[in-house]
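**Student:** Quick one: the structure is below, and I'll ask about it shortly.
The values are calculated or read from the model by the stated rules, or taken from the named source; none is laboratory data. Keep in mind it's a predicted model, so treat the numbers as computed, not measured. Cβ placement follows ideal geometry from the backbone for every residue including glycine, while neighbour counts extend to all protein chains displayed. Remember, those area values only see protein heavy atoms, side chains included, never the ligands or the DNA or RNA. Shrake-Rupley method; radii C 1.70, N 1.55, O 1.52, S 1.80 Å.
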Amino acid sequence: MTHRENTKVSEGAVLSPDIPLLSIDRLTVQSGGIPLIDELELDVSAGSSVAIIDSGRGSKAALLDAICGLRSASSGSVRLDGRRLKQGFSAKTFWGVLFTGILVGLLCAAAAVDIDRLWLAVVKRGLVVDEPFTPANFGRRLRSYFRAELAIDRLAGNWRIVTADGREVLAVRRDLSEARELRNQMQAAVTARRTGPGVVPDITDLVGDANEPQRELLLDETTLDRLAAGKRRIRFRGWSAFICGLFLGVGMSLAIWQRGRRSPEVAARAGVARTFRSPRNFPAMTVFENILVTVEQGIHRQSSAWWPHINKANRIERTEELIRSVGLIDQSFSFASDLTRYEQRCLGIARGLAMDPRILLIDEPADGMNTQQQHALAGILKDVCKGVLTLVVTSAGNDPVALICDRTVHLSPH
Amino acid sequence: MVLLVRVLEKSALGRAWIAVREEPLAAATIGISATKVRLSAFTIAAAIAGLAGCLSVASIGTTGDPNAFGFNRSVAILCAVIIGGLGSIPGTLVGVTILFGFDIVVIPSVDSWMQRIQGQVFDVSLFTLGSWRLALVGIALIVVMRFRPIGLIPSRRFAAEFQESKQ
């Protein structure tokens, strides 16, 4: 693709800095396989203005979309001040991703260790056996749940010896102290079974008087094995779920971050403002509010604070100044939807300026305007932008707005 | 609570909310992160709803009654907002006052009066307004939708939007 360039010498422009403010390198933008922009090279130096002229509809908008991040380029790069308009991997991103990962991991682990049963074991069981709810007791019960120790529960006046999750009832006693003793004996047997062969105590040793039927441990070999495996099972479940959740959370948040790297917000924060051909103002907000919200966002952009303090008087003053500069002071408090097309376009330009941008992209300002309005727009742009702000204007032909620019670039038709 | 919402509506955050609702694309190009702004709106709305839930539990005294949070109640609240005017704080207050005031004050008094009259004439009460309550609410809703679709006290903003969508 070839571009015809003709450069005019203009007096107001800031000339020849080392790095151009905006540099577009071999940019290709495709739409459904058809190239709208094909290997475009364009450098715009700070303070200069460029008119991009093309008679077709799609290419110019596609170029501006690609610059401000609304559309992704299929190849090539757009740099502002030598830096790509992409969000970097900052410390904030790292901690955010890690935090999300740990949170998802904890949630998964909570689901895997059965949070319902955990609640039952740690809080409710303490209440039914009238244990005071202190941090120490809480910690003890929590630890005991993750060791899968046997516990004592009460049901209708009976003391039951249950597994930690309360799913299995091993014995029932009418007397609390008796139940406690039996529970301790059972636990000793289970622990011994878990810690390995050789130290397994003879169950009859623990039972004491064999003639007393209530004193039987009622634990056969399979039950003992099952109970002994409880600790390993719950720990395995918890940790594996936590690790899976961690990976899932980190992966998901990285994917989200990656998708949001090249977004219009990022470009806007870097200082790229644009207006649209069909004016995209906020229709149900007044002109004043339209600009005020943009001014506020511009202040947010320049401040590193999460929620910066904004001087109210200053921003209102700035808003009024902007409204005056585009000549909408009479419509200040009418809704944007009530404006004429020309006024809407003025409002769009004012909103672009309100961002306090480094570069302003204006999409076909002359489209749909009569000659007088085109001249008026050219005048506004000349007044507010020339020599201070870098400007990229697209246009269908050599209209007055395009003529105020330092140079013109023709995207030749395909 | 009303004051809080009022302050929020007039704040920078409130304007960002409206901007994102109006024109997400333009909002993105001025550097508003739609995700963050929507999330904050959602969170604040949920917090207010949670507070309302606490108050309502305190007033009805139980959370055990499934009828307390039934479909009728949701519809009644929606009706109150629509009759009063969407997006307007005084409108919502008026809507709630009309609808629930009607329910609590007008219907019982009219009913007792009608029972007295009917008792004199027929010796039995044949008709109560209470049983036609939902129908009346429905008729009110239809009337409001027909003659004043933006609600009784609409916000300026919604009126503007309505004008725009009519054009």
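**Student:** Do any residues in the stretch A:324-342 that are more than 10 Å from chain B (Cβ to nearest Cβ) have Cβ atoms under 9 Å from those of residues that are open to solvent by less than 50 Å² (accessible area, probe 1.4 Å) and among the small types (Gly, Ala, Ser), where the two are at least six apart or on different chains, and which pairs are they?
**Tutor:** From residues that are more than 10 Å from chain B (Cβ to nearest Cβ), the pairs are A:325/A:350; A:326/A:350; A:327/A:376; A:328/A:350; A:342/A:376.
**Student:** Enumerate the helices (runs of 4 or more DSSP H) found wholly within the stretch B:2-120, keeping only those where 1 or more residues are touching a residue at least 12 places away in the same chain (Cβ under 8 Å) and open to solvent by 50 Å² or more (accessible area, probe 1.4 Å).
**Tutor:** Numbers: elements: B:2-10, B:12-22, B:24-29, B:34-60, B:71-84, B:89-101.
Per the criteria, B:2-10, B:12-22, B:34-60, B:71-84, B:89-101.
**Student:** Would you tally the residues in the stretch A:78-99 being open to solvent by less than 50 Å² (accessible area, probe 1.4 Å) and at pLDDT 85 or above? Break it down into steps so the answer makes sense when it comes.
**Tutor:** Just the residues of the stretch A:78-99 that are open to solvent by less than 50 Å² (accessible area, probe 1.4 Å), to begin with: A:78, A:80, A:82, A:85, A:88, A:93, A:96-97.
Next, only the ones that are at pLDDT 85 or above stay: A:78, A:80, A:93, A:96-97.
Residues in the stretch A:78-99 being open to solvent by less than 50 Å² (accessible area, probe 1.4 Å) and at pLDDT 85 or above: 5 in total.
**Student:** Just to check your reading of the model, which residue among A:296, A:289 is within 10 Å of chain B (Cβ to nearest Cβ), among the acidic types (Asp, Glu), out of contact with any Gly (no Cβ under 7 Å at 6 or more places or on another chain) and open to solvent by less than 20 Å² (accessible area, probe 1.4 Å)? Reasoning before the result, please.
**Tutor:** Details: A:289 fails: open to solvent by less than 20 Å² (accessible area, probe 1.4 Å).
Among A:296, A:289, only A:296 is within 10 Å of chain B (Cβ to nearest Cβ), among the acidic types (Asp, Glu), out of contact with any Gly (no Cβ under 7 Å at 6 or more places or on another chain) and open to solvent by less than 20 Å² (accessible area, probe 1.4 Å).
**Student:** Determine whether the stretch A:271-280 contains at least one residue that is among the aromatic types (Phe, Trp, Tyr), modelled with pLDDT of 85 or more, more than 13 Å from residue B:27 (Cβ to Cβ) and open to solvent by 10 Å² or more (accessible area, probe 1.4 Å). Give the steps one after another, and end with the answer.
**Tutor:** Of the stretch A:271-280, the ones among the aromatic types (Phe, Trp, Tyr) are A:276.
Among the residues that remain, those that are also modelled with pLDDT of 85 or more are: A:276.
Keeping just the survivors that are more than 13 Å from residue B:27 (Cβ to Cβ) gives none.
Checked against the condition, which is being among the aromatic types (Phe, Trp, Tyr), modelled with pLDDT of 85 or more, more than 13 Å from residue B:27 (Cβ to Cβ) and open to solvent by 10 Å² or more (accessible area, probe 1.4 Å), the stretch A:271-280 yields no hits at all.
**Student:** Of the numbered conditions (1) within 14 Å of another protein chain (Cβ to nearest Cβ); (2) at pLDDT 80 or above, residue B:77 satisfies every one except a single condition; which is it?
**Tutor:** Unmet condition: (1).
**Student:** Also, quick follow-up: Only one of A:321, A:343 is at pLDDT 85 or above, open to solvent by 50 Å² or more (accessible area, probe 1.4 Å) and either on the phi < 0 side of the Ramachandran plot or of a type in the set (Gly, Ala, Ser) (or both). Can you tell me which?
**Tutor:** Values: A:343 fails: open to solvent by 50 Å² or more (accessible area, probe 1.4 Å).
Answer to the check: A:321.
**Student:** Scan the stretch B:8-35 residue by residue and report those that are facing chain A (nearest Cβ under 8 Å) and over 18 Å from residue A:267 (Cβ atoms).
**Tutor:** B:12, B:15, B:18, B:22
**Student:** Please count how many residues of the stretch A:73-87 are out of contact with any Asp or Glu (no Cβ under 9 Å at 6 or more places or on another chain) and either among the hydroxyl-bearing types (Ser, Thr, Tyr) or assigned to a helix (DSSP H, G or I) (or both).
**Tutor:** Summing the residues that are out of contact with any Asp or Glu (no Cβ under 9 Å at 6 or more places or on another chain) and either among the hydroxyl-bearing types (Ser, Thr, Tyr) or assigned to a helix (DSSP H, G or I) (or both) in the stretch A:73-87 gives 1.
Per-residue answers, yes or no, for (1) touching a helix residue (DSSP H, G or I) at 6+ places or on another chain (Cβ under 9 Å); (2) among the aliphatic types (A, V, I, L, M); (3) within 14 Å of chain B (Cβ to nearest Cβ):
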position: A:45; (1), (2), (3): no, no, no
position: A:54; (1), (2), (3): yes, no, no
position: A:74; (1), (2), (3): no, no, no
position: A:88; (1), (2), (3): no, no, no
position: A:102; (1), (2), (3): yes, yes, no
position: A:106; (1), (2), (3): yes, yes, no
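**Student:** If I go through the stretch B:136-163 residue by residue, how many of them are open to solvent by 40 Å² or more (accessible area, probe 1.4 Å) and at pLDDT below 75?
**Tutor:** Matching residues across the stretch B:136-163 total 5.
**Student:** While we're on this one: Tell me which of these residue A:359 doesn't satisfy, since it passes every other one: (1) under 24 Å from residue A:67 (Cβ atoms); (2) among the β-branched types (Val, Ile, Thr); (3) open to solvent by 10 Å² or more (accessible area, probe 1.4 Å).
**Tutor:** That leaves (3) as the condition not met.
**Student:** Take the stretch A:126-162 and flag every residue that is open to solvent by 80 Å² or more (accessible area, probe 1.4 Å), assigned to a loop (DSSP other than H, G, I, E, B) and among the charged types (D, E, K, R).
**Tutor:** A:130, A:147, listed by residue number.
**Student:** Another one. Please verify whether residue B:55 is within 14 Å of chain A (Cβ to nearest Cβ) and of a type in the set (A, V, I, L, M), treating the condition exactly as stated.
**Tutor:** On the way: within 14 Å of chain A (Cβ to nearest Cβ): no; of a type in the set (A, V, I, L, M): yes.
It is false that residue B:55 is within 14 Å of chain A (Cβ to nearest Cβ) and of a type in the set (A, V, I, L, M).
**Student:** Residue A:378: within 18 Å of residue A:53 (Cβ to Cβ), touching a residue at least 60 places away in the same chain (Cβ under 8 Å), away from chain B (no Cβ under 11 Å) and part of a helix (DSSP H, G or I), yes or no? Outline the logic, then answer.
**Tutor:** Details: within 18 Å of residue A:53 (Cβ to Cβ): yes; touching a residue at least 60 places away in the same chain (Cβ under 8 Å): no; away from chain B (no Cβ under 11 Å): yes; part of a helix (DSSP H, G or I): yes.
In short, no.
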